[in-house]
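Single-structure report; data block below.
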Amino acid sequence: MRALALAYPEVAFTLAHNGRELFRDNACTEVPQARIEAVMGEAFLVQSLAIEHVAAGLALRGWVGLPTASRAVADRQFFYVNRRLVRDRQVAHAIKQAYADVLFHGRHPSFVLFLELDPVQVDVNVHPAKAEVRFRESRLVHDFLYRTLHEALAQTRAGAAIVPPASLPEAALGVSGAPIYARSQGALRFAAAESAGAYAAVYGRPPAELLASAALPGALSVGSVTAALTVADSARETAPPLGFAIAQLHGIYVLAENAQGLILVDMHAAHERITYERLKAEQALGAIPAQQLLVPMRLAVSTAEADAAEQFADAFHALGIELTRLAPDRLLIKRIPLVL
(Lines give C-alpha, C1' and ligand atoms only; values in the text may rest on other atoms or scores of the structure.)
Protein backbone atom coordinates (compact mmCIF):
# COMPACT_ATOMS: atom_id res chain seq x y z
CA MET A 1 0.00 0.00 0.00
CA ARG A 2 2.79 2.44 0.89
CA ALA A 3 4.61 1.68 -2.36
CA LEU A 4 1.50 2.33 -4.45
CA ALA A 5 0.68 5.50 -2.52
CA LEU A 6 4.15 6.91 -3.20
CA ALA A 7 3.97 6.10 -6.91
CA TYR A 8 0.54 7.65 -7.48
CA PRO A 9 0.13 10.81 -5.38
CA GLU A 10 -2.77 11.92 -7.60
CA VAL A 11 -4.84 8.94 -6.37
CA ALA A 12 -6.53 8.85 -2.97
CA PHE A 13 -5.88 5.73 -0.87
CA THR A 14 -7.90 4.20 1.96
CA LEU A 15 -7.02 0.96 3.75
CA ALA A 16 -9.53 -0.67 6.11
CA HIS A 17 -9.40 -3.97 7.99
CA ASN A 18 -12.27 -5.53 9.97
CA GLY A 19 -14.21 -2.31 9.73
CA ARG A 20 -11.31 -0.27 11.07
CA GLU A 21 -9.59 2.33 8.93
CA LEU A 22 -5.82 1.84 9.03
CA PHE A 23 -4.68 4.33 6.41
CA ARG A 24 -6.22 7.22 4.55
CA ASP A 25 -4.62 9.85 2.36
CA ASN A 26 -6.27 12.22 -0.06
CA ALA A 27 -5.00 12.90 -3.56
CA CYS A 28 -2.00 15.24 -3.67
CA THR A 29 -1.99 16.57 -7.22
CA GLU A 30 -0.59 20.02 -6.53
CA VAL A 31 1.82 19.16 -3.69
CA PRO A 32 3.21 15.61 -4.15
CA GLN A 33 5.51 16.19 -1.15
CA ALA A 34 2.43 15.87 1.05
CA ARG A 35 2.14 12.20 0.07
CA ILE A 36 5.84 11.65 0.83
CA GLU A 37 5.31 13.20 4.27
CA ALA A 38 2.20 11.09 4.91
CA VAL A 39 3.94 7.80 4.06
CA MET A 40 7.55 8.41 5.11
CA GLY A 41 6.97 10.84 7.97
CA GLU A 42 7.65 14.55 8.33
CA ALA A 43 11.24 13.96 9.45
CA PHE A 44 12.14 12.33 6.14
CA LEU A 45 11.65 15.48 4.05
CA VAL A 46 13.51 17.56 6.62
CA GLN A 47 16.49 15.18 6.56
CA SER A 48 16.69 14.51 2.82
CA LEU A 49 17.94 16.03 -0.42
CA ALA A 50 15.69 16.68 -3.41
CA ILE A 51 17.02 15.08 -6.60
CA GLU A 52 16.08 16.08 -10.15
CA HIS A 53 18.41 15.33 -13.06
CA VAL A 54 17.92 14.56 -16.76
CA ALA A 55 20.61 13.19 -19.11
CA ALA A 56 21.10 10.60 -21.87
CA GLY A 57 17.39 9.89 -22.16
CA LEU A 58 17.11 9.18 -18.42
CA ALA A 59 15.32 11.27 -15.81
CA LEU A 60 15.79 10.84 -12.07
CA ARG A 61 13.77 12.66 -9.43
CA GLY A 62 12.88 12.10 -5.81
CA TRP A 63 14.48 12.40 -2.39
CA VAL A 64 17.51 10.75 -0.78
CA GLY A 65 18.11 10.75 2.96
CA LEU A 66 21.11 12.53 4.43
CA PRO A 67 23.92 10.29 5.74
CA THR A 68 23.18 11.55 9.26
CA ALA A 69 19.64 10.13 8.95
CA SER A 70 20.71 6.58 8.05
CA ARG A 71 18.91 3.58 9.54
CA ALA A 72 19.93 0.21 10.96
CA VAL A 73 17.59 -1.62 8.55
CA ALA A 74 16.78 -1.04 4.88
CA ASP A 75 13.04 -0.57 5.41
CA ARG A 76 12.64 2.85 3.76
CA GLN A 77 14.03 2.30 0.30
CA PHE A 78 11.67 2.82 -2.63
CA PHE A 79 12.96 2.85 -6.21
CA TYR A 80 10.56 3.11 -9.14
CA VAL A 81 11.13 2.57 -12.85
CA ASN A 82 8.37 4.28 -14.83
CA ARG A 83 6.36 4.29 -11.58
CA ARG A 84 6.79 0.54 -11.07
CA LEU A 85 8.45 -0.45 -7.76
CA VAL A 86 11.48 -2.62 -8.55
CA ARG A 87 14.46 -4.16 -6.79
CA ASP A 88 17.43 -4.39 -9.14
CA ARG A 89 21.00 -5.36 -8.26
CA GLN A 90 22.52 -2.78 -10.60
CA VAL A 91 20.41 -0.05 -9.04
CA ALA A 92 21.18 -1.20 -5.50
CA HIS A 93 24.92 -1.30 -6.27
CA ALA A 94 24.88 2.21 -7.79
CA ILE A 95 23.11 3.67 -4.75
CA LYS A 96 25.40 1.83 -2.34
CA GLN A 97 28.47 3.14 -4.15
CA ALA A 98 27.11 6.69 -4.10
CA TYR A 99 26.81 6.52 -0.30
CA ALA A 100 30.13 4.70 0.19
CA ASP A 101 32.16 7.77 1.17
CA VAL A 102 29.60 9.30 3.52
CA LEU A 103 27.88 6.36 5.22
CA PHE A 104 29.12 4.02 7.95
CA HIS A 105 29.29 0.29 7.30
CA GLY A 106 26.17 -1.49 8.47
CA ARG A 107 23.95 1.58 8.03
CA HIS A 108 21.29 1.95 5.33
CA PRO A 109 20.04 5.10 3.59
CA SER A 110 16.42 6.06 3.07
CA PHE A 111 15.24 7.16 -0.35
CA VAL A 112 12.26 7.55 -2.65
CA LEU A 113 13.50 7.74 -6.24
CA PHE A 114 11.70 7.70 -9.58
CA LEU A 115 13.57 6.77 -12.77
CA GLU A 116 11.87 7.58 -16.06
CA LEU A 117 13.11 6.17 -19.37
CA ASP A 118 11.84 4.84 -22.68
CA PRO A 119 9.85 1.63 -21.95
CA VAL A 120 11.67 -0.02 -24.87
CA GLN A 121 14.92 0.26 -22.88
CA VAL A 122 13.69 -1.86 -19.96
CA ASP A 123 12.35 -5.43 -19.76
CA VAL A 124 9.83 -5.89 -16.95
CA ASN A 125 9.10 -9.58 -17.67
CA VAL A 126 12.11 -10.90 -15.78
CA HIS A 127 10.42 -11.88 -12.51
CA PRO A 128 6.99 -13.53 -12.10
CA ALA A 129 5.98 -10.86 -9.60
CA LYS A 130 7.37 -8.10 -11.86
CA ALA A 131 9.65 -7.08 -8.98
CA GLU A 132 12.82 -7.15 -11.08
CA VAL A 133 13.73 -5.54 -14.38
CA ARG A 134 16.53 -5.80 -16.93
CA PHE A 135 17.90 -2.67 -18.58
CA ARG A 136 19.14 -2.82 -22.15
CA GLU A 137 21.85 -0.32 -21.22
CA SER A 138 22.54 -1.46 -17.67
CA ARG A 139 25.97 0.22 -17.49
CA LEU A 140 24.50 3.54 -18.64
CA VAL A 141 21.76 3.37 -16.00
CA HIS A 142 24.25 2.37 -13.29
CA ASP A 143 26.64 5.22 -14.07
CA PHE A 144 23.80 7.74 -14.38
CA LEU A 145 22.43 6.84 -10.95
CA TYR A 146 25.84 6.73 -9.30
CA ARG A 147 27.07 10.08 -10.67
CA THR A 148 23.80 11.90 -9.96
CA LEU A 149 23.56 10.71 -6.35
CA HIS A 150 27.30 10.91 -5.65
CA GLU A 151 27.47 14.57 -6.73
CA ALA A 152 24.45 15.44 -4.58
CA LEU A 153 25.72 13.59 -1.50
CA ALA A 154 29.24 15.01 -1.86
CA GLN A 155 27.84 18.38 -0.79
CA THR A 156 26.67 17.06 2.57
CA ARG A 157 28.63 17.70 5.73
CA ALA A 158 28.64 15.95 9.09
CA GLY A 159 26.32 17.68 11.51
CA ALA A 160 24.52 19.63 8.80
CA ALA A 161 20.76 19.82 8.88
CA ILE A 162 18.19 21.16 6.47
CA VAL A 163 16.04 23.96 7.86
CA PRO A 164 12.38 23.45 6.91
CA PRO A 165 11.24 25.96 4.24
CA ALA A 166 8.40 27.19 6.44
CA SER A 167 10.86 28.51 9.03
CA LEU A 168 13.03 30.38 6.53
CA PRO A 169 12.51 33.90 5.26
CA GLU A 170 12.02 34.28 1.51
CA ALA A 171 15.57 35.60 1.10
CA ALA A 172 16.95 32.36 2.53
CA LEU A 173 15.51 30.24 -0.27
CA GLY A 174 17.32 29.61 -3.53
CA VAL A 175 16.01 30.40 -7.00
CA SER A 176 14.25 27.04 -7.21
CA GLY A 177 12.75 27.46 -3.74
CA ALA A 178 14.98 24.79 -2.22
CA PRO A 179 16.02 25.41 1.40
CA ILE A 180 19.58 26.34 2.22
CA TYR A 181 21.73 24.32 4.63
CA ALA A 182 22.21 25.52 8.17
CA ARG A 183 24.99 24.14 10.30
CA SER A 184 23.97 22.66 13.61
CA GLN A 185 26.96 22.39 15.95
CA GLY A 186 26.27 20.37 19.03
CA ALA A 187 28.22 20.34 22.25
CA LEU A 188 31.70 18.82 22.00
CA ARG A 189 32.63 16.08 24.46
CA PHE A 190 36.41 16.27 24.61
CA ALA A 191 38.27 13.26 25.91
CA ALA A 192 41.95 12.39 25.69
CA ALA A 193 42.53 9.30 23.58
CA GLU A 194 46.12 8.63 24.72
CA SER A 195 47.20 7.61 28.19
CA ALA A 196 49.20 9.91 30.46
CA GLY A 197 52.26 7.71 29.85
CA ALA A 198 52.12 8.47 26.10
CA TYR A 199 52.10 12.20 26.76
CA ALA A 200 54.92 11.80 29.29
CA ALA A 201 57.03 10.07 26.66
CA VAL A 202 56.46 12.95 24.23
CA TYR A 203 56.95 15.84 26.64
CA GLY A 204 59.80 14.24 28.59
CA ARG A 205 57.91 14.49 31.89
CA PRO A 206 54.25 14.84 32.89
CA PRO A 207 52.83 18.37 32.60
CA ALA A 208 51.73 18.29 36.27
CA GLU A 209 55.29 17.54 37.37
CA LEU A 210 56.59 20.34 35.15
CA LEU A 211 54.18 22.88 36.65
CA ALA A 212 54.95 21.73 40.18
CA SER A 213 58.67 22.22 39.71
CA ALA A 214 58.15 25.62 38.07
CA ALA A 215 55.71 26.99 40.65
CA LEU A 216 56.90 29.67 43.10
CA PRO A 217 55.01 31.25 46.00
CA GLY A 218 52.67 33.71 44.30
CA ALA A 219 54.18 33.63 40.77
CA LEU A 220 56.09 31.74 38.07
CA SER A 221 59.64 32.65 37.19
CA VAL A 222 60.48 33.72 33.62
CA GLY A 223 62.98 30.85 33.34
CA SER A 224 60.38 28.25 34.32
CA VAL A 225 57.83 29.55 31.83
CA THR A 226 60.48 29.62 29.09
CA ALA A 227 61.46 26.04 29.89
CA ALA A 228 57.84 24.89 29.73
CA LEU A 229 57.29 26.58 26.36
CA THR A 230 60.54 25.10 25.01
CA VAL A 231 59.47 21.57 25.97
CA ALA A 232 56.02 22.09 24.44
CA ASP A 233 57.51 23.43 21.18
CA SER A 234 59.90 20.50 20.89
CA ALA A 235 57.01 18.09 21.44
CA ARG A 236 55.02 19.68 18.61
CA GLU A 237 58.00 19.41 16.28
CA THR A 238 58.36 15.67 16.98
CA ALA A 239 54.61 14.94 16.74
CA PRO A 240 53.35 12.67 13.91
CA PRO A 241 52.05 14.45 10.76
CA LEU A 242 48.45 13.95 11.90
CA GLY A 243 49.29 14.85 15.49
CA PHE A 244 47.70 13.38 18.60
CA ALA A 245 43.97 12.67 18.93
CA ILE A 246 42.19 14.87 21.44
CA ALA A 247 38.48 14.33 20.66
CA GLN A 248 35.88 12.62 18.49
CA LEU A 249 33.24 14.69 16.68
CA HIS A 250 29.78 13.34 15.81
CA GLY A 251 31.17 9.81 15.70
CA ILE A 252 32.61 10.58 12.25
CA TYR A 253 35.72 12.70 12.67
CA VAL A 254 38.76 12.62 14.95
CA LEU A 255 40.07 15.99 16.15
CA ALA A 256 43.86 15.94 16.39
CA GLU A 257 46.57 18.51 17.07
CA ASN A 258 50.02 18.80 15.51
CA ALA A 259 52.67 21.51 15.12
CA GLN A 260 50.59 23.44 12.58
CA GLY A 261 47.34 23.44 14.54
CA LEU A 262 44.15 21.34 14.57
CA ILE A 263 43.38 18.58 12.07
CA LEU A 264 40.09 16.84 11.27
CA VAL A 265 40.51 13.20 10.24
CA ASP A 266 37.67 11.27 8.55
CA MET A 267 37.62 7.95 10.43
CA HIS A 268 35.97 6.09 7.54
CA ALA A 269 38.58 7.27 5.04
CA ALA A 270 41.39 6.64 7.54
CA HIS A 271 40.19 3.07 8.08
CA GLU A 272 40.16 2.45 4.33
CA ARG A 273 43.68 3.83 3.99
CA ILE A 274 44.94 1.66 6.87
CA THR A 275 43.38 -1.42 5.24
CA TYR A 276 44.97 -0.46 1.91
CA GLU A 277 48.41 -0.07 3.52
CA ARG A 278 48.05 -3.45 5.26
CA LEU A 279 47.26 -5.10 1.94
CA LYS A 280 50.35 -3.48 0.39
CA ALA A 281 52.53 -4.64 3.27
CA GLU A 282 51.21 -8.21 3.06
CA GLN A 283 51.73 -8.25 -0.69
CA ALA A 284 55.30 -7.07 -0.21
CA LEU A 285 55.89 -10.05 2.11
CA GLY A 286 54.90 -12.39 -0.71
CA ALA A 287 51.35 -13.50 0.15
CA ILE A 288 48.06 -11.95 1.25
CA PRO A 289 46.21 -14.05 3.86
CA ALA A 290 42.70 -14.87 2.66
CA GLN A 291 39.61 -16.61 3.95
CA GLN A 292 36.82 -18.57 2.29
CA LEU A 293 33.36 -17.01 2.45
CA LEU A 294 30.79 -19.13 4.24
CA VAL A 295 28.22 -17.92 1.71
CA PRO A 296 29.78 -16.93 -1.64
CA MET A 297 28.77 -13.48 -2.83
CA ARG A 298 27.13 -12.91 -6.20
CA LEU A 299 28.14 -9.75 -8.02
CA ALA A 300 26.35 -8.17 -10.98
CA VAL A 301 28.80 -6.69 -13.51
CA SER A 302 28.91 -5.78 -17.17
CA THR A 303 29.99 -8.32 -19.77
CA ALA A 304 33.27 -6.45 -20.33
CA GLU A 305 34.01 -6.50 -16.59
CA ALA A 306 33.23 -10.22 -16.40
CA ASP A 307 35.60 -10.86 -19.32
CA ALA A 308 38.32 -8.86 -17.56
CA ALA A 309 37.77 -10.81 -14.33
CA GLU A 310 38.27 -14.09 -16.19
CA GLN A 311 41.31 -12.77 -18.03
CA PHE A 312 43.02 -11.56 -14.85
CA ALA A 313 41.88 -14.37 -12.54
CA ASP A 314 45.49 -15.11 -11.56
CA ALA A 315 46.08 -11.48 -10.58
CA PHE A 316 42.95 -11.52 -8.41
CA HIS A 317 44.10 -14.79 -6.83
CA ALA A 318 47.45 -13.19 -5.95
CA LEU A 319 45.50 -10.42 -4.18
CA GLY A 320 43.59 -12.98 -2.10
CA ILE A 321 40.40 -12.91 -4.18
CA GLU A 322 38.98 -16.08 -5.70
CA LEU A 323 36.12 -15.64 -8.17
CA THR A 324 34.37 -17.57 -10.91
CA ARG A 325 32.01 -16.57 -13.69
CA LEU A 326 28.41 -17.71 -13.32
CA ALA A 327 26.86 -15.93 -16.31
CA PRO A 328 27.81 -13.35 -18.94
CA ASP A 329 27.12 -10.61 -16.40
CA ARG A 330 27.48 -12.43 -13.06
CA LEU A 331 30.50 -13.26 -10.88
CA LEU A 332 30.72 -15.45 -7.78
CA ILE A 333 33.25 -14.36 -5.15
CA LYS A 334 34.43 -17.29 -3.00
CA ARG A 335 37.45 -15.90 -1.13
CA ILE A 336 38.55 -12.43 0.02
CA PRO A 337 41.60 -11.02 1.88
CA LEU A 338 41.53 -11.59 5.62
CA VAL A 339 41.81 -7.87 6.43
CA LEU A 340 38.50 -7.26 4.66
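The values are calculated or read from the model by the stated rules, or taken from the named source; none is laboratory data. Bear in mind the structure is a predicted one, so any value in this text is a computation, not a measurement. Here Cβ is always computed from backbone atoms with ideal geometry, including for glycine, and neighbour counts include all displayed protein chains.
Screening V124 on (1) surrounded by 15 or more Cβ atoms within 10 Å (Cβ to Cβ); (2) under 29 Å from the mean Cα position of the chain (by Cα) shows it passes everything except condition (2).
Among the listed residues A300, A315, A304, identify the single one that is closer than 20 Å to R134 by Cα and exposed (fewer than 13 other Cβ atoms within 10 Å of the Cβ). Just one listed residue meets the conditions, A304.
For the range 127-151, a residue qualifies if it is at pLDDT below 85, hydrophobic (A, V, I, L, M, F, W, C) and surrounded by 15 or more Cβ atoms within 10 Å (Cβ to Cβ), and exactly one does: V133. Looking across the range 61-94, the residues that are among the charged types (D, E, K, R), part of a loop (DSSP other than H, G, I, E, B) and surrounded by fewer than 16 Cβ atoms within 10 Å (Cβ to Cβ) come down to D75, R83, R87.
For the range 307-315, state whether one or more residues are of a type in the set (G, A, S), closer than 30 Å to G243 by Cβ and free of Cβ contacts under 8 Å to residues at least 40 places away in the same chain. Scanning the range 307-315 turns up no residue that is of a type in the set (G, A, S), closer than 30 Å to G243 by Cβ and free of Cβ contacts under 8 Å to residues at least 40 places away in the same chain.
Checking the conditions here, which among I288, I252, I263 is in contact (Cβ under 8 Å) with a residue 24 or more places away in the chain, touching a strand residue (DSSP E or B) at 6+ places or on another chain (Cβ under 6 Å) and among the hydrophobic types (A, V, I, L, M, F, W, C)? I288 is the lone residue from the list that is in contact (Cβ under 8 Å) with a residue 24 or more places away in the chain, touching a strand residue (DSSP E or B) at 6+ places or on another chain (Cβ under 6 Å) and among the hydrophobic types (A, V, I, L, M, F, W, C). Which of the residues that make up the range 283-310 are farther than 27 Å from D88 by Cα and either outside any loop (DSSP other than H, G, I, E, B) or in contact with a helix residue (DSSP H, G or I) (Cβ under 8 Å, 6 or more places away or on another chain) (or both)? Across the range 283-310, the qualifying residues are Q283, A284, I288, P289, A290, Q291. Selection over the range 5-44 of residues that are without any contact (Cβ under 8 Å) to a residue 60 or more places away in the chain and either of a type in the set (A, V, I, L, M, F, W, C) or farther than 30 Å from Q155 by Cα (or both) gives a count of 26.
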